[in-house]
1. Using a simple spin-label model with points 7 Å from Cα along the Cα→Cβ vector, what separation in nm is obtained for Asn115 and Glu50?
2. What's the extension gain from Ala57 to Tyr135 if we count 0.36 nm per residue and subtract their Cα-Cα distance?
3. How many Å² of accessible area per residue for the stretch 36-141, probe 1.4 Å?
4. How much length would be gained if the chain were fully extended between Trp40 and Leu99, taking 0.36 nm per residue of separation minus their Cα-Cα distance, in nm to one decimal?
5. Across the stretch 91-97, in residue order, what do the Karplus-derived ³J(HN,Hα) couplings come to in whole Hz, using 6.51 cos²θ - 1.76 cosθ + 1.60 with θ = phi - 60° and x for Gly and Pro?
6. At 222 nm, what helix-only mean residue ellipticity would the chain give, in deg cm²/dmol to the nearest 500, using -39500 (n - 2.57) for each DSSP H run of four or more?
7. Could you give me the ³J(HN,Hα) list for the stretch 40-49, computed from phi with Karplus coefficients 6.51, -1.76, 1.60 and θ = phi - 60°, whole Hz, x at Gly and Pro?
8. When all protein chains stay in place, what accessible area (Å², nearest 10, 1.4 Å probe) is found for Tyr106?
Amino acid sequence: IQTASFESERLNQNYLDEIQNDIQDQQALTSDLDAQLREWEKKIRQKQTEIGGANAAITFNANVRKQERVLENRLDTALKRFNALLASNGLLRSEIDNLRNERERYENLSRKSENELQDLRAQLVECIERSVTSYEQRRKG
């Protein structure tokens, strides 16, 4: 009975040693996992700091919306100015067309006047020549 009791105690001691070894292994594993967890948490905090904190996405989206509004306002202003210039150009084109028409009328009138002047000069020369001829005939005759 003593050997059986001794053997039973020895088995219990071995079982107890195995359990203590398992506990130590589990504690070591837990310690390693805790260290890895702390390391990952540190990396996460560093990344959040690098990208601008926890609200980086919200801030980025707000900045994008603000930039969008600014660019839309610039575009609207440029379009208004462009439309105003188009209207002004239309008026200037109309004025240029009117001035061209006036110039054409003036040139036509000037040509007609020039032609009339030449005709009158020719008539004057003819009159003077007739008068000279008439005078010479009276003088001779």
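The values are calculated or read from the model by the stated rules, or taken from the named source; none is laboratory data. Fair warning: this is a prediction, and the values are worked out from it, not measured in the lab. Glycine also receives a Cβ, built like all others from the backbone with ideal geometry; neighbour counts cover every protein chain displayed. Note: areas computed on protein heavy atoms with side chains; ligands, DNA, RNA excluded. Shrake-Rupley method; radii C 1.70, N 1.55, O 1.52, S 1.80 Å.
1. Result for the modelled spin labels: 9.0 nm.
2. Once the chain is fully extended between Ala57 and Tyr135, it gains 16.8 nm.
3. 98 Å²
4. Length gained between Trp40 and Leu99: 13.2 nm.
5. 5, 5, 4, 4, 5, 4, 4
6. Computed mean residue ellipticity for the chain: -36500 deg cm²/dmol.
7. Once θ is set to phi - 60°, the couplings for the stretch 40-49 become 5, 4, 5, 4, 4, 4, 4, 5, 4, 5 Hz.
8. Here the residue's solvent-accessible area equals roughly 150 Å².
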